[in-house]
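**Q** Handing you this structure, nothing more for now.
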Amino acid sequence: MTTSSTQATAKKLTPVDLYGAIEKELQSARENSTYKVEVPIESQQNGLVKVGGKTCVMLASNNYLGLANHPRIREAALYGLEKYGFGMASVRFLCGTQPIHIELEEAIARFLGTEAAILHSSCYAANEAFFLAVVGNEFGSTNYRDIIYSDQLNHASIIDGIRVARIAAKTTDLKAYKHGDFKQLTDWLAEGNDYRISIIATDGVFSMEGDYAPLQDFVQAAKQSSALLYVDESHSTGVLGKTGRGTPEQCGVHGQVDVISGTLGKALGGAMGGFIAGKRSLIDFLRQKSRPYTFSNTLPPSVVCAALEAIKMLEEDNSLVLKSQTNTKYFRDEIKRLGFTILDGVHPIVPVMVGEAATAMKMSTELLNEGVYVRGLWYPVVPKGEARLRVQISAAHEIADLDLALAAFKKVGKQLGVIQ
Ligand code: PLP
């Protein structure tokens, strides 16, 4: 159906009708348990937080290295505020670039083993920027088609980025392979020789499962099929690999991924900001062409200085990376010993599988009563019958915190019949 015929037959919604329709939609979300409720955290983000006046073990944060409230990060943010001010009131290319923005881009590139990097206001914006800028460009070609191969469980920002790019550039095809189905991907790559640009897009670590893409295979497949490999390292930078250089380091291909996107909003301080890292020419091109970069404000100095300090800390030593990894192994081993089913892996995202949505909801409420803050995920976020509690471990935890959480899991899991 065309847009105009839809407009011709649909009933006109006045603003009053529209608000009524919106209220109905919200009501249906409440009835289907898909309505998202925000629980205020009354303290700073840490291994232990205050919720409803009570101290709880925080098991739902992306604060993988415990930097969200680390003294060195706070000090760096204050230094940024004092020396460079609160805001720049500008996008980068007008008057929003300070030496620290350039320094941070260089530090990100150095840390990830790429030639250059470009900051964005978020990784969401970075992912959206990339696809539109690249496949949306003719590069002097006529009569061509491009293709993006994307894992079905990729983050929403990759999905939306590809969607926007395909609407703008009607010359782009999409093949979304089943999560982790490398054979499906390589079969499609083998059939795709006629495309002008081929891009393989994958999360490094998948946020619902806590698993990672085997990038050694991806690097090889991309080379063989002359495709560009694009990896979103939001959950992996600072987390995976011996020194926190992410999924490429974990898979032995550090410096071999074509393009890496990532966030400053998780392990690297947890405030906000995103980036793309890759070849210098691509990064320079994005400075010209990225719409979210060109038309959205620069990152504030406090955030930039804090992120710089986070990378400095990672380059100095890997103690926080190791602590996060040791804590993760401890929690994964112990929760299994209690009889819970988890999705195996090495990442601090530990999905504890409980089956039905009602069980996940009840369990997260009961755990909060026991002083453990963890969120449940259920359909439609994950498949029906695969409801889970998504535990996230951090270097901010001490073993005693994890033991408290494990004792609560044991008590509530038994009460609800999830474990014997
Ligand atoms: N990519 C992945 C894989 C993510 O998990 C997230 C955040 O949840 C993002 C991108 C978006 O990051 P940001 O918060 O910087 O927009």
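The values are calculated or read from the model by the stated rules, or taken from the named source; none is laboratory data. A quick note: this is a predicted structure, and the numbers were derived from the prediction, not measured. Positions of Cβ are generated from backbone atoms using ideal geometry, with glycine treated the same way; all protein chains shown enter the neighbour counts. Heads up: the accessible areas ignore ligands, DNA and RNA and are worked out on the full protein's heavy atoms, side chains in. Shrake-Rupley method; radii C 1.70, N 1.55, O 1.52, S 1.80 Å.
**Q** Could you run through the range 313-333 and say how many residues are open to solvent by 50 Å² or more (accessible area, probe 1.4 Å) and of a type outside the set (G, A, S)?
**A** Going through the range 313-333 one residue at a time, the tally reaches 10.
**Q** Can you tell which of A310, A358 is small (G, A, S), over 15 Å from H120 (Cα atoms), open to solvent by 20 Å² or more (accessible area, probe 1.4 Å) and part of a helix (DSSP H, G or I)?
**A** Criteria check complete, one pass: A358.
**Q** Can you name every residue in the range 192-220 that is within 15 Å of the ligand (Cβ to nearest atom) and not hydrophobic (A, V, I, L, M, F, W, C)? Give the steps one after another, and end with the answer.
**A** Let us first name the residues in the range 192-220 that are within 15 Å of the ligand (Cβ to nearest atom), namely 201-213, 215.
Within the range 192-220, T202, D203, G204, S207, E209, G210, D211, Y212 meet the criteria.
**Q** Name the single residue that is surrounded by the fewest Cβ atoms within 10 Å (Cβ to Cβ) among those in the range 189-214 being among the acidic types (D, E) and more than 25 Å from the chain's Cα centre (by Cα).
**A** Checking each candidate, the answer is D194.
**Q** Which of the following residues is within 14 Å of the ligand (Cβ to nearest atom) and of a type in the set (S, T, Y): T263, T298, T294?
**A** After applying the criteria, what remains is T263.
**Q** Now for a different question. Filtering the range 141-177 down to residues that are of a type in the set (V, I, T) and exposed (fewer than 15 other Cβ atoms within 10 Å of the Cβ), which residue is nearest to the ligand (Cβ to nearest atom)?
**A** I167
**Q** Next up: Do we find that D217 is under 21 Å from S236 (Cβ atoms) and surrounded by fewer than 20 Cβ atoms within 10 Å (Cβ to Cβ) in this structure?
**A** In short, yes.
**Q** Let me ask you something else. Would you check which residues across the range 31-71 are in a strand (DSSP E or B) and touching a residue at least 40 places away in the same chain (Cβ under 8 Å) and list them? Break it down stepwise before answering.
**A** Quick first cut of the range 31-71, residues in a strand (DSSP E or B) only: 48-51, 54-58.
L48, V49, V51, K54, T55, C56, V57, M58, listed by residue number.
**Q** List every residue pair whose Cβ atoms sit under 7 Å apart, with the two residues 6 or more apart in sequence or on different chains, where the first one lies in the range 72-93 and is open to solvent by less than 70 Å² (accessible area, probe 1.4 Å) and the second, anywhere, is aromatic (F, W, Y).
**A** Within 7 Å, the pairs are V91/F295; R92/Y293.
To keep it simple, each residue is scored yes or no on (1) in contact with a strand residue (DSSP E or B) (Cβ under 9 Å, 6 or more places away or on another chain); (2) open to solvent by 10 Å² or more (accessible area, probe 1.4 Å).
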position: Q256; (1), (2): yes, yes
position: I260; (1), (2): yes, no
position: G273; (1), (2): yes, no
position: G278; (1), (2): yes, no
position: I283; (1), (2): yes, no
position: Q288; (1), (2): no, yes
position: T298; (1), (2): yes, yes
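**Q** Criterion first (more than 16 Å from the ligand (Cβ to nearest atom) and among the aliphatic types (A, V, I, L, M)) does L112 satisfy it? Even if it seems obvious, please write down each step before you answer.
**A** Working: more than 16 Å from the ligand (Cβ to nearest atom): no; among the aliphatic types (A, V, I, L, M): yes.
No, not satisfied.
**Q** Tally time: how many residues in the range 179-202 are touching a Leu at 6+ places or on another chain (Cβ under 7 Å) and under 14 Å from L153 (Cβ atoms)?
**A** Final tally of qualifying residues: 1.
**Q** Something else: If you go through the range 142-165 one residue at a time, do you hit one that is under 30 Å from L308 (Cβ atoms) and in contact with a His (Cβ under 7 Å, 6 or more places away or on another chain)?
**A** Within the range 142-165 (the criterion being under 30 Å from L308 (Cβ atoms) and in contact with a His (Cβ under 7 Å, 6 or more places away or on another chain)), the answer is no, since none of the residues qualifies.
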